[in-house]
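See structure below.
Each reported figure results from applying straightforward, stated rules to the coordinates on display, with no laboratory input. Remember, predicted model here, so these are calculated numbers, not experimental data. Here the Cβ is made from the backbone with ideal geometry for all residues, glycine too, and neighbour counts use every protein chain on show.
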Amino acid sequence: MSLSVDITHPFGDFTLKVAFEAPGGITALFGQSGTGKTTVVNAVAGLLRPKAGRITLSDEVLFDASAGICLPLHKRRLGYVFQDGRLFPHMSVRQNLSYGLRFAQKSTQGGTQDRPAVAEVADMLGITGLLERPPGALSGGEKQRVAIGRALLSRPRMLLMDEPLAALDTARKEEILPYLERLRDQTDIPMLYVSHSVAEVARLATTVVVLEDGHVARLGTAERVLSDPDMVRQIGVREAGAVLPASVVRHHGDGLSELSVSGGRLFLPQMDLPPGASTRVRVLAKDVIVALGKPTGLSALNILPAEILTLRGGTGPGVIVQMQCGNDRLLARITRRSADALALKAGTKVHAVIKSVSVARRDVGAG
Amino acid sequence: MTGWLGPDEWQAVALSLRVSLWATVLSLPLGILVAYALARGQFRGKQVLNGLVHLPLILPPVVTGYLLLLTFGRRGLIGGWLEEVFGLVLAFRWTGAVLAAAIMAFPLMVRAIRLAIEAVDPKLEQAAATLGASRIWVFVTITLPLILPGVITGAVLGFAKAMGEFGATITFVSNIPGQTQTLPSAIYTFLQVPGGEASALRLVGVSVGIAMAALLASELLARRAAKRVAGE
């Protein structure tokens, strides 16, 4: 099931002109606020009728301006998780969850299996204990999980999520992210996920669509887009960094886990995945040091051989170095002075010394 | 007018209750519909509809009553047709009192319900639609339950107005004991007769009692509904 969007719509000071394909898995619509992300999702959902263009889901036309087709939103069967939850205040959590059931096509499961479905979804989202409560008695994170479950139970062909975590604090985000990952990995429902958070995108996205002033600035797999040196300007040097698929090799007795990436081995503080499990690690550009020879006498554990692809300098003193490391790419932010001193250029064989690696769970290609 | 002893008084009270209940029950669905159209609809003539609905509130009741007589009287445009097709006569009948009370109460009812509808977050209705609910389902399962306190308030306001309606009623259906003599008409009549004050006073008491009871009941119902709506 793949979503194809090609729309034009007046948007603030500029014209939104966006075209992209969202294959399976999680497609992140990424960009600063005011770039038109929500407008795109609303157009897909049917909340907004674009001026021109076409939106299709698999073979079905949801919207076609020239043919005059605009499927009403209740017929699109796209689950929408809003930033503000929008639970129905006069219904219990259970009633909220089962709201979409009566409209869902019974074809996916035999007609009478509704109850187990609610129980199943509630279990997956960890809200079984809340079923009889009114929404007013829930925390922000709980509300959002109910909203996700509610959308899921309407048996949507695709899930649309408009910054579902933006209104939550870090702890609440951490509470929901694992459920979103489970959703990505345990269901085959594609998702369109709007976010301006690199961390979320790095952790969740299979495909990334970068929006800038109403047009698609970049489009590709999460690994490719996030390891693009041109993205650094958009993301900011603090958060820019590559994402690498990895798999757990073994856990060592000294509290470290050994992971294998295409370019070598990485050691991370003990993680709770079993050996053989695939995951995703994020290496921030500011945490990578570039060395010409393999450094010795260094406390850093994670050193990978790499080859420089490009150097990208701006007006500041910093340079972004993009390196090929196995099948993956890494970014490093170093000073122009160092780059000159080491005479770095495309093709230079180097070693990337990684000061810290964070885990962006689960593997990239799962969807 | 004789018999300030009871039968006549109770007749008036019973008639008023019957007229007001029917007026409220019959106009409530239409009131909700019109309130919804005024709150959410975007159509030509919306201001005209708004004006029409509010007209009875602004016009002298006697004028409304006379206009009713002209249109719904036996020789009136609609009245004649109603009699011909359905055998339904309104003028000088208690059914006409229902119509007069309903029309006079309508603006109050619509106002209360419209305010309630405007207070419903359209985002909730959108959310319901994304879950697969058609417009009618959205209305039945989301909008209607959420505006229930407003609907109750509107209904009680309408009922109270209907109970107190005098000018339009007396003009349209006159003041026939047992037929069209509602509580206010009865009070008025008693006050015209020497020695009728006692009856009038008793009816005034009944009036106050019914109004208070209706208000309390609505307060209770609306509070219960509001609690449910608030989701706490």
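Quick rundown of the values:
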item	result
Chain A - convex hull of alpha carbons, volume per residue in Å³	155 Å³
Candidate aspartates and glutamates - alpha carbon under 19 Å from A:Lys345, same-chain residues fewer than 8 apart omitted	A:Asp228, A:Asp230, A:Glu307, A:Asp328
Shape call, segment B:6-135: gyration tensor on alpha carbons, a/c limit 1.5	prolate
Formal net charge of residues neighbouring B:Leu148 (Cβ-Cβ distance under 13 Å; K, R +1; D, E -1)	+4
Pair A:Ser4, A:Glu258: separation of 7 Å Cα→Cβ label points (nm)	4.8 nm
Hits among lysines - C-alpha to C-alpha of A:Lys75 under 18 Å, sequence gap 8 or more where chains match	A:Lys106, B:Lys123
Label-to-label distance, nm, for residues given as A:Thr335 and B:Leu55 (7 Å Cα→Cβ offset)	8.4 nm
Qualifying aspartates and glutamates (Cα of each under 18 Å from Cα of A:Lys37; at least 8 residues distant if same chain)	A:Asp6, A:Asp13, A:Glu21, A:Asp84, A:Asp162, A:Glu163, A:Glu200, A:Glu212, A:Asp213
Packing rank of A:180-190, A:198-208, B:48-58, where each peptide gets the mean count of other beta carbons within 10 Å, highest leading	A:198-208, A:180-190, B:48-58
Counted charge near A:Gln144, where neighbours are those whose Cβ lies closer than 11 Å (Asp, Glu -1; Lys, Arg +1)	+2
Residue order, fewest to most surrounding Cβ atoms within 10 angstrom, among A:Met161, B:Met163	B:Met163, A:Met161
Enclosed volume per residue, in Å³, of the convex hull spanned by Cα atoms of chain B	134 Å³
Residues A:Glu21 and A:Gln186, FRET efficiency given R0 of 25 Å [Cβ-Cβ distance, rounded to 0.05]	0.60
Projected-area mean, segment A:3-222, by convex hull of Cα positions, square nanometres	11.8 nm²
Computed label-point distance, nm, for sites A:Glu174 and A:Asn327 using a 7 Å Cα→Cβ extension	3.2 nm
At R0 = 22 Å, FRET efficiency that the Cβ-Cβ distance of B:Lys46 and B:Leu144 yields, to 0.05	0.55
Exposed-loop-free span, longest in chain B, where trypsin sites (Lys or Arg not before Pro) count as exposed if DSSP calls them loop and at most 12 other C-beta atoms lie within 10 Å	B:76-232
Part-to-part distance (alpha-carbon centres) for segment A:1-61 and segment A:140-211, which is given in Å	18 Å
C-alpha long axis of helix A:114-125 to longest principal axis of chain A, angle in °	30 degrees
Too-long pairs where the Cα-Cα distance tops 19 Å, listed order kept, from A:Lys173/A:Lys355; A:Lys51/B:Lys46; A:Lys286/A:Lys355	A:Lys173/A:Lys355; A:Lys51/B:Lys46
Neighbourhood charge, 11 Å Cβ-Cβ cut-off, centred on A:Gly314 and excluding it, Lys, Arg +1 and Asp, Glu -1	+3
